Amino acid sequence: MASDDNPILEVRGLKVGIEGASILKGIDLIIPKGEIHAIMGRNGSGKTTTANVIMGHPAYEIEEGEMFLDGESLDDMEPWERSREGVFLSFQYPQSIPGLQVGNFLRKSVSSVRGEEAARGSEFREKLTSAMEELDIPKSFLSRYVNDGFSGGEKKRFEILQLMLLQPRLAVLDETDSGLDIDGIRTVSKGINSVVRGTENGALIITHYSRILEHVNPDRVHIMIGGKIVASGGPSLANLLEDNGYDWLEEQVEKGVDFE
Amino acid sequence: MSGDSEAREAVGDYKAGWHDPENATIRFDFGLSEKVVRDISELKQEPEWMTEIRVKAYRHFVERPMPTWGNTEELMEIDFDKVCYFLRSSDQAGSSWDDVPDDIRNTFDRLGIPEAEQKWLSGVTAQYESETVYHSIREDLEKQGVIFLDMDSGLKEHEDIVKKYFGSVIPYSDNKFSALNTAVWSGGSFIYVPKGVHVEMPVQAYFRINAKNMGQFERTLIIADEGSSIHYVEGCTAPTYSTDSLHSAVVELLALPGAHIRYTTVQNWSNNVYNLVTKRGVAHENAKIEWVDGNIGSKLTMKYPAVILKGEGAHAEVISVAYAGNGQHQDAGAKVHHMASNTTSNILSKSISKDGGRGSYRGMAKIMPKAENCRLNIVCDALILDEESRQDTYPTMEVGNPTAHCEHEASVSKVGDEQLFYLMSRGHTEAEALGMIVNGFFEPFTRELPMEYAVELNKLMSLEMEGSIG
């Protein structure tokens, strides 16, 4: 049940496989309201799987464990139901939908997620205009087709534009920093902060690098290796990792070092 | 994927599938003979030359074998003896909806025709079974000399023009179904746009089959005189019966020098209608003919709108979409013949198949040896929504002149699970997501339609994706 004490996201003992191969081998994660957490890890460590599973990607099989959004179980919810409950995923590789205009798509999505009222009239237009200005997205963008022919940076900005308009309770950002230059990272970070800071919402940032974390300033950093969270700590953990590398970190974990 | 089966389930009830009681004033017995052909002509009090063409066409129809391409199996299932070739439902064509018999008027009300007429059309004809039951044109256009009549009235009132052009673009001997149409044609539109007149708002014809085992054979002839322009829109529906109906139209367009004809079709016949139509236009010097052709309904459609680029600088545009659902085969495409130099053509075909439906693109593009510097561009895209459905492409290109510039692109794709997941993560159900992808795929066609049609088509396709219409 929803209550002030519930974390916005709670993941308990999550084991996940795809086509017989086990990927996540027991994940526990708690994100309290108003906090931004980061998961760092190498390619293939299970970061993207974690993001996809929270959103409800149908290709994955949940072998064990549970997920809760503000105390409510996500397990039986379809992706669109999770979205309407307030889960958002910024994709690492957003899909293009030729023929579907950005403006039209945004209005429909806002209507589906936040209700018809929110997608109507001047309020929607004002929100859209100000979010686009904040993200340095030109007006002409609205008549283009969703992600069709977008550059890497445009795709990422468009994900954040959707984040800002859909106002999710939990935003999961899968490598939103990759493909962005430093100005892009700054802009996108502003967007993420504006959705979470000082609210009851939360965010999970998935990344290879600590660069974006300098701008977002996460409350907690988790390191994922081989489908498990092997270390958790404050923001300085990201810097330690950046300075010393994953091999070093793995050694420390084996030695039993606690990064708290 | 859960929800998959629901979203991709067969399409439910067809929205325009109701039927009204049949109140025929004249109804011919089933079957075709020379007598039936002569009777139709006599009933219409036609000039002798027309009767003669009909009879010749009938004889050709009897001798001509079925096409050996398209869907030969389904073509062979047509029983020409179980078709009603003429059915009159109203003794006259009204020029006010008040003059149209109540039951027929209700049908067109339900289809939204009178409403559309008031809002955005220059003129309307409504054909019910074999004949036009309603017809009107805006006064200002009539004053400018624009003729917009049903074909039967066209023959009565403008015999000279009809005699000159009837069958000049599509002779009865063109194919088996053009022969059939020429033999038993009834209704359709006759349009003449005088030199330099631009008809700004579209004129619309609506074709409705109501009776069982009905054959509808409208005949349309549009002549756009020098420097004129017109946009003609047609829509069609029929009730859903367990037995089949036959729709076999012939449409001839003449765009004289500098004229522009756009012919838009949104065909949504019920899934028991054979739709075997011949459409062809001749474009003279610097004229432009556009076919905007949407095939959503029918059991089997075989239709390849054609343009003969006869004069220098003429341009052809054929944009078509086809949707083949359960039990449907859309065999559609385009033909262009570049007869003159500096002629250009663009063909864009978009085809979707779902629930075991079958779509084929069949195209013929010819550039004659004497035609210099022609440009031809063909793009065919197909989208398959499930494993049971099928898409084929049969393109033919004959390039007889080395200065021609030809391009041909074809693609077949499937809806990706990742695309669906992306849209679902934005709050859209799987059916809504599929609808967005499908409408996006058709967008290059939809944006060419009058807004009212575009909205309707988007709604229709979204409903098809939900698997429930009503």
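The values are calculated or read from the model by the stated rules, or taken from the named source; none is laboratory data. These numbers come from a predicted model, not from an experiment. Cβ placement follows ideal geometry from the backbone for every residue including glycine, while neighbour counts extend to all protein chains displayed.
See the values below:
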quantity	calculated
Residues satisfying the stated conditions in the range B:246-292, i.e. under 19 Å from residue B:181 (Cα atoms) and basic (Lys, Arg)	B:279, B:280
Where a residue in the range A:99-118 is under 15 Å from residue B:429 (Cα atoms) and its partner, wherever it lies, is in a strand (DSSP E or B) and at pLDDT 95 or above, with Cβ under 8 Å and at least six apart	A:105/A:97; A:105/A:146
Residue match in the range B:450-457 (condition: more than 11 Å from chain A (Cβ to nearest Cβ), aromatic (Phe, Trp, Tyr) and either touching a Gly at 6+ places or on another chain (Cβ under 8 Å) or touching a residue at least 60 places away in the same chain (Cβ under 8 Å) (or both))	yes
Residue tally, condition surrounded by 15 or more Cβ atoms within 10 Å (Cβ to Cβ), away from chain B (no Cβ under 14 Å) and basic (Lys, Arg), over the range A:113-155	1
Filter result (surrounded by 23 or more Cβ atoms within 10 Å (Cβ to Cβ) and among the aliphatic types (A, V, I, L, M)) within the range A:167-184	A:170, A:171, A:172, A:173
Identity of the residue in the range A:70-97, within 16 Å of residue A:161 (Cα to Cα) and aromatic (Phe, Trp, Tyr), that ends up surrounded by the most Cβ atoms within 10 Å (Cβ to Cβ)	A:88
Filtered residue count, the range A:139-186, keeping only those that are part of a loop (DSSP other than H, G, I, E, B), more than 18 Å from the chain's Cα centre (by Cα) and among the basic types (Lys, Arg)	1
Within the range B:410-428, tally of residues that are within 14 Å of chain A (Cβ to nearest Cβ), more than 13 Å from residue A:97 (Cα to Cα) and at pLDDT below 95	1
Matching residues, the range B:376-408, being aliphatic (A, V, I, L, M) and not in a strand (DSSP E or B)	B:385, B:404
Subset of the range A:49-68 (residues that are farther than 17 Å from residue A:39 by Cβ and either more than 10 Å from every other protein chain (Cβ to nearest Cβ) or surrounded by 16 or more Cβ atoms within 10 Å (Cβ to Cβ) (or both))	A:56, A:58, A:61, A:62, A:63, A:64, A:66, A:68
Selection status of residue B:381, surrounded by fewer than 18 Cβ atoms within 10 Å (Cβ to Cβ), touching a residue at least 60 places away in the same chain (Cβ under 8 Å) and not hydrophobic (A, V, I, L, M, F, W, C)	no
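Let's see how each residue does on (1) under 30 Å from residue B:327 (Cα atoms); (2) in contact with a helix residue (DSSP H, G or I) (Cβ under 8 Å, 6 or more places away or on another chain); (3) among the hydrophobic types (A, V, I, L, M, F, W, C):
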residue: B:38; (1), (2), (3): no, yes, no
residue: B:48; (1), (2), (3): no, no, no
residue: B:53; (1), (2), (3): no, yes, yes
residue: B:57; (1), (2), (3): no, yes, yes
residue: B:96; (1), (2), (3): no, no, no
residue: B:104; (1), (2), (3): yes, no, yes
residue: B:110; (1), (2), (3): yes, no, no
residue: B:123; (1), (2), (3): no, yes, no
residue: B:131; (1), (2), (3): yes, yes, no
